[in-house]
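Visitor: Dropping the structure in here first, questions after.
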Amino acid sequence: MIGKTREYPKEIMILEAIVRRFPPDDFRKADFEKKLYRKRAGYKGEKTLDYFLEQIDHSNMVILHDLRIPINSTHFQIDTLIITPHFLLIIDSKNLAGTLIFLPEFNQLIRIQNEIEEVFPDPILQTKIQASQLRAFLEKHHLTPPPIEYLVAISNTQALIKNPTNDKEVSYRVFRSANVTFKIPPFYNKHPQSLLSKTEMKKISKQLVKAHVPLVPDPKSMNLPFDNMAKGVQCPACEAFGMDYHQGKWTCKGCGHKAAAAHLQALRDYFLLYGPSITNKQFRDYMKLESTSTAKRLLACMDLTSLGTNKGRTYSPGKNFFD
Ligand SMILES: [Zn+2]
């Protein structure tokens, strides 16, 4: 069973809103674009592994996606955790392209792409650390964990994986996502003893889901050029900002495109960048709307929760507003 699904990360949504509305002539835009590209690639790699995991029989396991668990004064993150009666298995997915050279002697991963050589932290070591943090967390909550195994999935089919020192750990722990079906059964042979009952497996799962804290970066701490960031409703056709609202539709001044619900994305961006609450006046300012009653009508038609009355009323995203 799936104990926790993978959701589209808030961190990526925030980066998308930043890049969409960033002043085009500000040199820092490229940094945010690069970061967004990297985060999207990572997410895509995780989804690729999910796809292959869905094809295995998981009636006797609990699969938890995307965990971020507080420990001491920090957090540890696990892309995928599989709870079986015999062992726990952490799978970290990497979606790097290019030639990936594992050099475990100094815990290095070298990536060569377009003749550029980059050093990355050793993902085997990273995953091993996650395993010890997971063990510490469970023990702290009086749950006795079975052996914890860990793997590194390479999701990018274009990647060329190299293990020049023929290191056994590398060949044992690193694999291509498509191979996950064949990677898991050997762990049952390695750990033949069934140690957890269904109830105990669920208990571990529950404890982790309860402790999970999603990563929501604060745009206020990013030194963003808020005064120069684009406001208004973006045209879905030509991407220009500042559509006009007439007779129940948004119309683009530039290309003439008409869209009824284009304010939805603008309001999402507002919440992501400025915080989870908006008044009728702030909504009108941001959307460039004149009429209070039009704003009220638009706000009433979205999945929002409201608090207060009259001018003091604020609207916040409802449960499924970002879906
Ligand atoms: Zn347009």
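Visitor: Compute the signed sum of charges (Lys and Arg +1, Asp and Glu -1) over the other residues within less than 14 Å, Cβ to Cβ, of Lys258.
Guide: Once positives and negatives cancel, what remains is +1.
Visitor: What nm distance separates the two modelled labels at Asp218 and Ile129, each placed 7 Å from Cα along Cα→Cβ?
Guide: Modelled inter-label distance: 2.4 nm.
Visitor: Please report, in debye to the nearest 20, how large the charge dipole of the chain is about its Cα centre when each Lys and Arg carries +1 at its beta carbon and each Asp and Glu carries -1 there.
Guide: In total the dipole reaches around 1040 debye.
Visitor: On to the next question. Helix 198-211 against the longest principal axis of the chain: what's the angle in degrees, Cα atoms only, rounded to the nearest 10?
Guide: 40
Visitor: In whole Hz and in residue order, list the ³J(HN,Hα) couplings for the stretch 140-146 that follow from phi through the Karplus curve 6.51 cos²θ - 1.76 cosθ + 1.60, θ = phi - 60°; x for Gly and Pro.
Guide: 4, 9, 6, 10, 8, x, x
Visitor: Another question, then. Leaving out same-chain residues fewer than 8 places away, which lysines sit with a Cα under 21 Å from that of Lys203?
Guide: Straight-distance partners of Lys203: Lys4, Lys140.
Visitor: Rounded to the nearest 500, what is the 222 nm mean residue ellipticity of the chain from helices alone, with -39500 (n - 2.57) per DSSP H run of 4+ residues and division by all residues?
Guide: The per-residue figure over the chain is -11000 deg cm²/dmol.
Visitor: Turning to a different aspect of this structure: Among the listed pairs Lys44/Lys190; Lys258/Lys288; Lys39/Lys128, which have their C-alpha atoms separated by more than 26 angstrom in this model?
Guide: Lys44/Lys190
Visitor: Now for a different question. Can you list which of the GluC sites (Glu not before Pro) found in the stretch 53-115 are DSSP loop residues with at most 13 other C-beta atoms within 10 Å?
Guide: Numbers: sites: Glu54, Glu105, Glu115; in loops: Glu54, Glu115.
Filter output for the stretch 53-115: Glu54, Glu115.
Visitor: Under 10 Å, Cα contacts only: if you run a Gaussian network model on the chain, which one of Thr294, Thr199, Thr279 comes out with the highest mean-square fluctuation?
Guide: Ranking Thr294, Thr199, Thr279 by mean-square fluctuation puts Thr199 first.
Visitor: Which Cys residues of the chain have no other Cys Cβ less than 4.7 Å away and so no disulfide-compatible partner by this rule?
Guide: Cys301 - these cysteines have no disulfide-compatible partner (Cβ-Cβ under 4.7 Å) in the chain.
Visitor: Roughly how many Å is it from the Cα centre of the stretch 119-166 to that of the stretch 29-90, as a whole number?
Guide: Rounded to whole Å, the Cα centres lie 11 Å apart.
Visitor: How compact and how long is the stretch 232-317, expressed as Rg and Dmax of its alpha-carbon atoms in Å?
Guide: Cα only, the stretch 232-317: 12.5, 39 Å (Rg, Dmax).
Visitor: Please tell me the relative contact order of the chain in percent, rounded to the nearest whole number, where contacts are Cα pairs under 8 Å and at least six residues apart.
Guide: Relative contact order comes out at 16 percent.
Taken together, the values in this text are just the output of simple stated rules run on the coordinates, not laboratory data. If you're wondering where the values come from, they're calculated on a predicted model, not measured in any experiment. Cβ coordinates were reconstructed from backbone atoms using ideal geometry, including for glycine residues, and neighbour counts include every protein chain displayed.
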